[in-house]
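**Q** Below: one structure in structure tokens.
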Amino acid sequence: PLQHVVSVVKGKTNLPCDVTPPDDEDDQASLVLFYKDGSSQSIYTYDARDKYAQRPRHWSDEEALGKRAFFSKLLPHQQSSLTIDNVHEADAGLYRCRVDFKRSPTRNSRVNLTVVVPPKQMKITNEKGMEVGDVIGPFDEGATLILVCIVTGGNPMPEVTWWQEGRMIDRHVEVRQYSDQGVASNVLQLERLSRNDLRSKVSCQASNSLFTQQPLTKTVEIELNLKPLDVRILSSRQPLSSGKKYELTCQTTGSRPFPKVTWWKNGHLLKHSQETQYDGGNVTLSQLTVQLTPEDDGKKLVCRAENSALGLASATAIEDNWLLDVYYVPHVRLELGRNLQGDHIREGIDVYFNCHVTARPAGVRLVWKHQSKVLHHNVSAGVIISETSLVLQRVARSATGRYTCHASNAEGEGSSAPFHLNVAHKPVCRAGQKMSYGGAKGLTSEVECHVESKPSATSFRWAFNGSGELLDLTPGQRVGGTKDGPTSILRYTPRNHLDFGTLLCWATNPLGTQSQPCVFHFYAAGVPDPPKNCSISNQTLSSFEIDCAEGYDGGIPQHFKMHVFDIKTRTLLANLTSSSPRFALHLGSGSSTSSVSHWPSLGSSAAASGQVGETPKTHSWKASSNNGSSANSVTVDYNNSNNNNKTTRRHSSHHVASVGGTAVIPPVGTLLQVTAVNAHGKTKSTLNETLI
């Protein structure tokens with residue numbers, strides 16, 4: 001029968017040949033010949049005949065097996081065989097073993113040798129025929145992967161299989177083009193790649209014999225782009241306070257490579273977030289600093305994670321939303337009642353305000369203020385406060401002023417813009433004005449009537465009440481306005497003692513004439529009292545000042561005069577006028593110079609206008625003005641060669657009063673006379689002596 005032997009190229013094989021005699025145990029093989037593929041020429045000979053019986057002769061065809069073959073004749077009942085080392089692919093074929101025995105007939109046996117040639121080359125390509133490396137991709141998650149494993153060589157044709165992580169996943173050889181070179185291929189198609197395929201190893205194996213210890217193998221690793229698995233804003237979702245800064249964190253996992261994380265607020269992109277990767281890039285934290293405003297309350301905050309490496313990144317983006325709850329200080333708006341007009345509020349009507357408040361949290365406490373003072377609910381006083389409204393019943397002009405509404409919650413207090421309420425009313429007499437005036441017969445006095453009026457007074461009326469009857473004096477008035485409000489000035493000249501009494505003033509505005517007039521007492525004035533407590537102050541080597549206290553003015557305006565006399569000759573040296581009893585004397589720049597100056601006077605100073613006394617023959621006069629102060633001065637030059645003092649000092653308007661009631665008078669030399677004067681007359685003079 002035909003025997004089959006399989007061997008692998010470069011391996012070792014044995015071709016069996018039965019050399020056992022058929023019947024005669026004493027018989028033995030004397031010649032063994034091997035033929036191949038029907039050839040009549042042997043390729044190997046084992047000769048144990050005659051002289052070679054003790055040492056059989058071996059011969060091998062160099063072109064066939066050469067030294068790679070050796071026949072082993074074993075003991076009886078043991079199978080002999082032709083051993084071939086380093087099997088060649090050409091060794092395959094049908095072998096015939098011929099055995100000649102000494103006595104028994106010749107025996108022939110056949111052996112078919114199959115030589116297995118392992119695959120020579122393997123390459124893996126993509127669907128476009130391009131050979132791939134050890135790492136393939138990255139492929140998008142969900143994509144289809146196509147790999148082609150091409151094997152060259154091998155006999156018989158190898159089986160090409162695909163394996164993934166030790167598990168066979170495809171053994172179907174789609175293409176067979178077997179020739180002398182031998183080509184076989186297997187196409188692997190993996191549908192919908194998932195994250196389980198990430199970095200998994202796919203191997204192609206080619207094998208054509210069980211004798212092959214290791215199949216020809218090539219392995220590739222799959223790299224994937226993965227979409228994010230989840231995204232979460234790491235927050236307790238508690239209310240946030242307006243104006244405060246918060247660090248918000250968003251966490252996303254599962255993306256490969258690490259994702260793009262963006263923040264959005266009501267569809268608007270928020271910039272300046274910072275991302276940090278952890279766990280080998282599997283976890284990404286995005287931090288954003290926010291400072292919210294009241295307008296952000298109720299808006300939607302979104303953290304979005306997307307893998308921009310994916311073909312349809314926007315389609316694979318995932319989001320986490322947070323509906324913001326923003327707490328803020330109340331926003332307060334104050335407005336006048338709907339049916340009221342701010343410029344048409346008059347005394348006696350009801351006025352009401354509405355306070356509009358928006359706040360989070362909504363629970364607020366309202367406070368109303370008038371001129372920064374808290375208003376309280378007081379029905380008897382006409383102040384009614386209910387929820388968000390304030391009612392002022394029968395408003396008086398005292399209700400004029402600034403109103404504000406204040407609302408407070410856990411975040412703080414908010415205040416409205418002030419509403420200035422102006423209550424229109426008829427004129428009333430302004431409090432605190434001068435109500436008594438003194439006058440003299442034939443002297444015109446000005447009496448001022450000040451009123452408060454909203455709108456402003458348009459006209460005034462004056463009357464005199466001397467004996468119970470009113471005498472209209474309106475033609476003699478002058479109407480004007482001051483910072484204190486509308487004012488009327490009456491120029492009044494009494495002619496006899498019956499013209500002293502009461503003056504009445506009424507003002508009128510568009511709302512009417514004031515109900516109660518302003519009443520002024522006009523009395524007869526007298527001569528002013530003389531100045532008192534005159535003293536010398538601020539005394540230096542070159543100057544001194546005279547300072548007196550004013551006496552009663554007699555009921556009408558007064559002014560003061562100083563006369564300077566030479567004490568020896570009684571010659572008048574200066575005649576000065578001032579609105580106050582304060583005067584200063586200075587030494588001039590001449591050989592012996594004296595000057596007299598005073599504080600602001602009524603009209604021009606006596607010195608400046610040349611109102612000085614008769615100049616003695618031994619004196620020369622020079623008038624001057626102290627522009628740097630409120631005092632005017634007159635300089636008197638003495639023609640005295642013995643006085644070398646040439647110092648002139650200028651005094652500021654800051655006066656230093658003397659202490660005590662009696663001044664220390666220098667040695668006799670000059671006589672000073674201070675007099676108070678009004679329209680009714682003048683007082684007796686006050687004399688002081690001093691040496692200049």
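The values are calculated or read from the model by the stated rules, or taken from the named source; none is laboratory data. In this text, all values refer to a predicted model and were calculated from it rather than measured experimentally. Every residue, glycine among them, receives a Cβ derived from its backbone with ideal geometry; neighbour counts consider all protein chains shown.
**Q** Looking at residue 26, is it surrounded by fewer than 16 Cβ atoms within 10 Å (Cβ to Cβ) and over 21 Å from residue 112 (Cβ atoms)?
**A** Answer is yes for this residue.
**Q** Looking at 417, 457, can you tell me which residue is closer than 30 Å to residue 353 by Cβ, hydrophobic (A, V, I, L, M, F, W, C), out of contact with any Leu (no Cβ under 8 Å at 6 or more places or on another chain) and not in a strand (DSSP E or B)?
**A** 457
**Q** Can you go through 463, 407 and tell me which one is of a type in the set (Gly, Ala, Ser), outside any loop (DSSP other than H, G, I, E, B) and at pLDDT 95 or above?
**A** 407
**Q** Pairs needed: first member in region 144-171, more than 16 Å from residue 120 (Cα to Cα); second member anywhere, modelled with pLDDT under 90 and of a type in the set (Ser, Thr, Tyr); C-beta distance under 9 Å; at least 6 residues apart or different chains.
**A** Close Cβ pairs (under 9 Å, with a partner that is modelled with pLDDT under 90 and of a type in the set (Ser, Thr, Tyr)) amount to 148/185.
**Q** Looking at residue 336 and the list (1) hydrophobic (A, V, I, L, M, F, W, C); (2) touching a helix residue (DSSP H, G or I) at 6+ places or on another chain (Cβ under 9 Å); (3) modelled with pLDDT under 90, which single condition is not satisfied?
**A** The failed condition is (3).
**Q** Another one. Can you find a residue in region 302-309 that is surrounded by fewer than 19 Cβ atoms within 10 Å (Cβ to Cβ), farther than 16 Å from residue 237 by Cα and in the same structural domain as residue 239 (by TED's automatic domain parsing)?
**A** yes
**Q** Can you list residue pairs whose Cβ atoms sit under 8 Å apart, with the first residue in region 38-56 being touching a residue at least 24 places away in the same chain (Cβ under 8 Å) and the second being of a type in the set (S, T, N, Q) and not in a strand (DSSP E or B)? Count only pairs 6 or more apart in sequence or on different chains.
**A** From region 38-56, the pairs are 48/28.
**Q** Still on this model: For the list (1) in a strand (DSSP E or B); (2) under 30 Å from residue 185 (Cα atoms); (3) not charged (D, E, K, R), I need the number of the one condition that residue 90 fails.
**A** Of everything listed in (1) in a strand (DSSP E or B); (2) under 30 Å from residue 185 (Cα atoms); (3) not charged (D, E, K, R), residue 90 misses just condition (1).
**Q** Considering every residue within region 283-293, establish whether at least one is buried (at least 17 other Cβ atoms within 10 Å of the Cβ), under 30 Å from residue 143 (Cβ atoms) and modelled with pLDDT of 95 or more.
**A** Looking for residues that are buried (at least 17 other Cβ atoms within 10 Å of the Cβ), under 30 Å from residue 143 (Cβ atoms) and modelled with pLDDT of 95 or more, one finds at least one in region 283-293, hence yes.
**Q** Condition first: surrounded by fewer than 16 Cβ atoms within 10 Å (Cβ to Cβ), at negative phi and not in a strand (DSSP E or B). Now tell me which residues in region 105-136 satisfy that.
**A** Listed by number, the residues that qualify are 105, 106, 120, 127, 128, 130, 132, 133, 134.
**Q** For region 245-268, enumerate the residues that are over 16 Å from residue 324 (Cβ atoms) and within 21 Å of the chain's Cα centre (by Cα).
**A** 262
**Q** Among 119, 156, which is more than 29 Å from residue 312 (Cβ to Cβ) and at pLDDT 85 or above?
**A** 119 is the lone residue from the list that is more than 29 Å from residue 312 (Cβ to Cβ) and at pLDDT 85 or above.
**Q** Within region 234-266, work out how many residues are more than 21 Å from residue 308 (Cβ to Cβ), of a type outside the set (Asp, Glu) and outside any loop (DSSP other than H, G, I, E, B).
**A** Residues that pass the stated criteria total 7.
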